[in-house]
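This report concerns only the one structure given below.
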Amino acid sequence: MGIFDSLKKEAQRNFIARADEAKDQIIYKYPERNIRLLTQLTVQADEIAIFVKDGVIAGTLGPGRHNLDTNNVPFLSALLEKVTGGNLFVAEVYFVSIREFSQLKFGGPIGDVRDPETGLGIGTMVYGDFSLKVVKPELLITGLVGMRKADNEEFVGWFKSQVLKVTRDRIAELCVKKKWPLLDVTSGAYTEEIETEVIAGLAPHTESYGVVIVRFGNFTVSIKPEDEATLKKLSKDVAYSRLAGGFQQYAQGQAMLGAAEGMAKGGGEGSGSGNAMGGMGMGMGFGMAQMFMNQNQQQQVQQQQQQAVAQNAGGGGRSVMDRLKELNELKTAGLLSDDEFNAKKAELMKQL
C-alpha cells in the first residue's frame, strides 16, 4: 500500500457516512467499530444513524452533519474506551432508511387450494411485489441484532418470506370461508380483498420490528393452464346440472346429446343427408334433454300438490272456513284441478 493510499484511508476515518453503493439499501452497517472523537458523521434526510454496543442501543442521530464530540453528543461518553485516553469510542453504527421502499419482489407456491365450486384441490402460485417502510428504526436494529440479520439482503429476504407465508395462509383461508371460486381468485376479481387481508395479517409479524408493509403492487394468483381448463369444464358441468334440476338429469341429457351426435356422424359426413341427419340428431338430443328437465319440474309440482292436499285433508285443528280458504288458494296457484277442487269442497261443505 502506497503512502497516498494510507493518507486516503486515514482521511476517510475522519468522516462517516453511508457508502455510495449502499444508497438504495434499507439498512447499512458502517464497517468500522473503532471511531475517533471529533469525527464528522453525515446523516441523509431520509435516514437515521443508530449507535449500538453489545446489542444495546446507545443513542441515535437524525439528519444533518454531526461532530462526534461528547459535548455535542452526550451519549458518546458511555462508549469511550479508557485505554485510549478518551480519544476513541467503540460502537456499531447503522444507517436506517425511513422512506418507503417499493417493488420488493416475492413469490412461491401456495400449495393445494380447495376450490369450493368443484371440490378439487388445485396447486396454486402467488407472485408480485410489495413496499415496506421502517417506522421505528430502533426496534428494527434491536430485532435484527437479536436475529443476527444485520445484512440488508438477509433482512429483505426475511420479510419476503413473511409476506409469502401470510399470503399463502390468507388466500387458502379466504377461499374456504368465503367460498370464492378459484377461477375468480386467479382472474383478479378479489385482488383488493386479498391485499387488505394480507396486510392486516402481516402486522403482527412486522410491527415488532418497527416495519409496516404499506401496499402491494403487481399481485397475481395463478394455476397451471391444464388445471384452469379442468376447472372451467367442471364449473360448466355444475352450472348446467343446476339448470337441469340435478346431476342425474344433466347426465341423462348429456347421454342423449352424445347419442344424437353419434346418429349424426352415422348419417354420412359431407353429404346433404348427413347434414340433415346431424341437425335432426342434435335437435332430438336437445329435445330429450329438455324433456328430462320438464319431467323433473313436473315431479316437483306433483310432490308439492300431494303434500298440500294431504295437509289440507288432515285438517290440523283448523276451522272448515280456514280450510276452504286454503283450498281456494291451492286452486288459484294451479295445484288443484277443477274436479279436485270441487270434490274436496263438497267434502268440507258437509262438515258445516
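Observations
- Contact annotation: residue pairs with Cβ atoms under 7 Å, 6 or more positions apart or on different chains, pairing a residue in segment 120-143 that is more than 18 Å from Val211 (Cβ to Cβ) with a partner that is of a type in the set (S, T, N, Q) and buried (at least 19 other Cβ atoms within 10 Å of the Cβ), are Val126/Thr167.
- Check on Val90, touching a strand residue (DSSP E or B) at 6+ places or on another chain (Cβ under 7 Å) and over 30 Å from Gly59 (Cα atoms): no
- For segment 45-59, the condition of being over 48 Å from the mean Cα position of the chain (by Cα), within 26 Å of Asp20 (Cβ to Cβ) and not assigned by TED's automatic domain parsing to the domain that holds Val135 holds for none of the residues.
- Qualifying positions in segment 70-124 - of a type in the set (Val, Ile, Thr) and either surrounded by 12 or more Cβ atoms within 10 Å (Cβ to Cβ) or within 21 Å of Pro137 (Cα to Cα) (or both): Thr70, Val73, Thr84, Val90, Val93, Val96, Ile98, Ile110, Val113, Thr118, Ile122, Thr124
- Screening Gly85, Gly146, Gly111, Gly119 for residues that are at pLDDT below 90, outside the structural domain of Val166 (by TED's automatic domain parsing), over 19 Å from Ile199 (Cβ atoms) and small (Gly, Ala, Ser) leaves exactly one candidate, Gly85.
- The residue that is farthest from the chain's Cα centre (by Cα), among those in segment 33-44 that are surrounded by 15 or more Cβ atoms within 10 Å (Cβ to Cβ) and over 26 Å from Val135 (Cα atoms), is Leu37.
- In segment 202-224, the residues that are closer than 21 Å to Pro116 by Cβ and either surrounded by fewer than 18 Cβ atoms within 10 Å (Cβ to Cβ) or charged (D, E, K, R) (or both): Thr220, Ser222, Lys224
The values are calculated or read from the model by the stated rules, or taken from the named source; none is laboratory data. For clarity, every value in this text was computed on a predicted model and none was experimentally measured. Here the Cβ is made from the backbone with ideal geometry for all residues, glycine too, and neighbour counts use every protein chain on show.
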